[in-house]
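Colleague: My structure is below; once you've seen it, I'll send some questions.
The values are calculated or read from the model by the stated rules, or taken from the named source; none is laboratory data. All values reported here derive from a predicted model rather than from experimental measurement. Methodologically, a virtual Cβ is constructed for each residue, glycine included, from the backbone with ideal geometry; neighbour enumeration extends over all protein chains shown. Just the protein is used for accessible areas: all its heavy atoms, side chains included, with ligands, DNA and RNA removed. Shrake-Rupley method; radii C 1.70, N 1.55, O 1.52, S 1.80 Å.
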Amino acid sequence: MSLSSFDKSTKIWHGPPMAPLYNPGQGMGELLFRVLQRTPTRIAQISVDTGRSITYKQLHLWSVRFAQSLTGSCGLHRGDMVTVVARNGEQLAAIVFGCFMAAIPLNTLDPSFRAEDYEHMLRTVEPKAIICDSELVAVLKVACEAAAIEPQLIVIGKRINGYPTVDDFLLPNGLEDHYVPEHIENAAQELAIVLCSSGTTGLSKGVCLSHAICIAHTSALWRATDCERVLCFSSLYWVSGLGVLLNSTIVGATRIATRERFNARLLIDLVEQYRITTLFMPPAQALTLLGDPTIGMADFSSLQLVLCGGGPVSGELKCSFERYLPKKAKFIVGYGLSEIGGGCFTTVQMYKAGAIGTLSAGVEAKIVDSEGASLEADQEGELLIKAQYVFLEYYGNPTETAEMLDQEGWLHTGDIARYDADGVFFVVDRKKDIIKYAGFQISPTELEATIMQLFAGSLLMVCVTGIPVPGNDLPVALAVRQPDGTMVSEQEIVDAVADAVTDFKQLRGGVFFVDSLPMTPSGKIVRRRCKEMAIGLYEAELERSK
């Protein structure tokens with residue numbers, strides 16, 4: 001039974017009225033400073049890489065020392081920006097919590113980025129310091145030079161070229177007992193963290209989240225308890241990665257952390273070895289796991305909850321995964337976005353095949369047509385979301401902010417959706433052209449620009465779209481040759497793009513040459529028709545290869 005309510009006059013659905021569990025009128029660092037001391041002997045995290053268990057007392061000390069070092073030896077001040085680029089190592093939580101305690105906002109980037117990806121965000125936020133894994137120092141130095149900035153560099157891991165390390169910042173200083181975290185007077189307006197969201201221009205935008213939204217939404221990703229052992233491979237580039245870190249810590253659960261990238265065999269090993277109770281994964285990882293030949297022999301008896309979100313989750317995927325879970329375990333589908341700091345729909349109350357579920361507490365939603373009029377049940381339109389706390393802005397980008405957040409406080413998700421009479425919502429398409437692969441967002445315009453730059457003498461025009469496959473979109477390019485241009489093959493384009501972009505942006509759907517692209521009278525490419533063409537060509541190619 002859904003706990004949501006529907007206003008027939010406005011055609012707006014309202015999630016259950018419920019106040020946040022923790023007071024969003026305080027700073028995230030103030031909250032963490034207290035809760036980390038609540039159960040000092042409980043294990044906060046276990047590092048798979050080192051085998052070391054860290055208690056909440058130790059994590060509290062590390063966080064305080066890191067905060068003291070940031071404003072001490074590092075010379076940073078409240079409000080100075082720090083960029084963090086790191087995998088889920090054992091020191092990462094203390095780095096994040098120390099920044100929160102010192103009221104120093106951080107911008108989290110993914111370790112798989114290339115120099116040009118880093119360059120754009122470094123130009124955008126201009127951090128005073130960068131904290132990164134040691135193996136990323138070289139690529140980040142290149143990005144800093146290209147962005148014409150000279151931030152301090154702090155290294156996680158082995159010392160390189162004399163740069164200070166996080167180990168230096170975590171040494172005892174004798175002043176830990178006297179530390180008081182920065183007080184946040186206006187938690188709803190003070191910046192806590194900048195996440196990333198892909199834009200239709202092809203460049204990432206900085207999603208600015210306040211301390212209040214981190215407490216009200218991000219740290220309430222699910223109803224966690226202190227008995228849980230939690231595993232999530234997402235880096236802090238994802239709102240899910242941040243949410244799992246905050247939620248687990250605040251309730252006193254134990255996180256299992258590893259710097260290793262996701263693979264099915266590793267996940268199975270960790271679930272079995274550490275008796276994982278709660279697992280967060282995007283649908284692409286769930287599908288990979290289901291395809292592993294050893295899953296039928298895996299011991300998932302400890303699992304109580306699997307949270308799946310970050311992409312479309314079909315009824316078939318949910319049903320297939322549940323066959324390997326204990327009878328009392330739950331497979332919950334979630335839908336959220338960085339701009340609301342976490343999840344806004346979940347299937348906890350009610351599930352229907354292919355649905356994203358019903359509204360979370362304190363969230364409102366409506367479906368509108370192209371003119372902005374609210375629609376009835378079972379009519380498709382753009383999904384709009386509203387809540388007391390939403391993102392502050394896209395960092396330094398008022399134009400994109402105004403397009404996303406209207407004057408009445410509604411977030412325009414860009415997703416085409418519908419709802420039924422029970423208040424269950426279904427996402428059926430994306431209004432935006434963004435392609436999703438393995439949870440990452442890919443801008444077609446960015447890939448198109450890359451291809452045309454590489455093959456300007458061979459191609460007249462190109463359109464990149466996505467081939468929908470279970471759990472993913474495969475980027476594919478439709479290309480029109482120059483009449484008298486240099487000859488180039490499909491594979492040459494695929495290979496050249498692979499060398500030029502990050503792994504998740506590769507043209508996994510391939511390249512197809514066409515005589516022309518469908519155009520509007522005003523000369524714009526009709527992307528929906530291009531998508532239909534690409535799907536047809538891709539499916540025909542699959543048939544020929546059988």
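Colleague: Do you know which of the residues in region 394-420 that are at positive phi and part of a loop (DSSP other than H, G, I, E, B) is least open to solvent (accessible area, probe 1.4 Å)?
Modeller: Among those residues, the one meeting the criterion is Gly409.
Colleague: Residues in region 293-307 that are open to solvent by less than 30 Å² (accessible area, probe 1.4 Å) and either assigned by the TED database to the domain that holds Gln91 or modelled with pLDDT under 95 (or both): how many?
Modeller: 1
Yes/no matrix, rows are residues, columns are (1) of a type outside the set (Lys, Arg); (2) crowded, with 22+ Cβ neighbours inside 10 Å; (3) assigned to a loop (DSSP other than H, G, I, E, B):
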{"position": "Tyr324", "(1), (2), (3)": "yes, no, yes"}
{"position": "Tyr335", "(1), (2), (3)": "yes, yes, no"}
{"position": "Phe345", "(1), (2), (3)": "yes, yes, no"}
{"position": "Val348", "(1), (2), (3)": "yes, no, yes"}
{"position": "Lys352", "(1), (2), (3)": "no, no, yes"}
{"position": "Ile367", "(1), (2), (3)": "yes, yes, no"}
{"position": "Gly372", "(1), (2), (3)": "yes, no, yes"}
{"position": "Ala377", "(1), (2), (3)": "yes, no, yes"}
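Colleague: Quick one: Ser47 ticks every box in (1) within 30 Å of Leu270 (Cβ to Cβ); (2) in contact with a helix residue (DSSP H, G or I) (Cβ under 8 Å, 6 or more places away or on another chain); (3) surrounded by 17 or more Cβ atoms within 10 Å (Cβ to Cβ) bar one, so which box is it?
Modeller: (2)
Colleague: Just the residues that are open to solvent by less than 20 Å² (accessible area, probe 1.4 Å) and farther than 21 Å from Thr39 by Cβ, please, taken from region 241-266.
Modeller: Across region 241-266, the qualifying residues are Gly241, Leu242, Thr258, Ala264.
Colleague: Which one of the conditions (1) under 21 Å from His211 (Cβ atoms); (2) touching a Leu at 6+ places or on another chain (Cβ under 9 Å); (3) outside the structural domain of Lys128 (by the TED database); (4) aliphatic (A, V, I, L, M) does Leu21 fail to meet, given that it meets all the rest?
Modeller: Status for Leu21: all satisfied but (2).
Colleague: Could you please let me know if Ile193 is in a strand (DSSP E or B), open to solvent by less than 30 Å² (accessible area, probe 1.4 Å), modelled with pLDDT of 95 or more and within 20 Å of Arg259 (Cβ to Cβ)?
Modeller: No.
Colleague: If you don't mind, another one. Which residue, of Pro475, Pro483, Pro468, is open to solvent by 30 Å² or more (accessible area, probe 1.4 Å) and in a strand (DSSP E or B)? Explain how you work it out, then say what you get.
Modeller: Numbers: Pro475 fails: open to solvent by 30 Å² or more (accessible area, probe 1.4 Å); Pro483 fails: in a strand (DSSP E or B).
Within the list Pro475, Pro483, Pro468, the selection yields Pro468.
Colleague: Restricting region 217-232 to residues that are in a loop (DSSP other than H, G, I, E, B) and not aromatic (Phe, Trp, Tyr), which is surrounded by the most Cβ atoms within 10 Å (Cβ to Cβ)?
Modeller: Filtering region 217-232 down to residues in a loop (DSSP other than H, G, I, E, B) leaves 217, 221-228.
Then keep just the ones that are not aromatic (Phe, Trp, Tyr); that gives 217, 221, 223-228.
Working: His217: 29, Leu221: 27, Arg223: 10, Ala224: 22, Thr225: 12, Asp226: 13, Cys227: 12, Glu228: 19.
Among those that are in a loop (DSSP other than H, G, I, E, B) and not aromatic (Phe, Trp, Tyr), it is His217.
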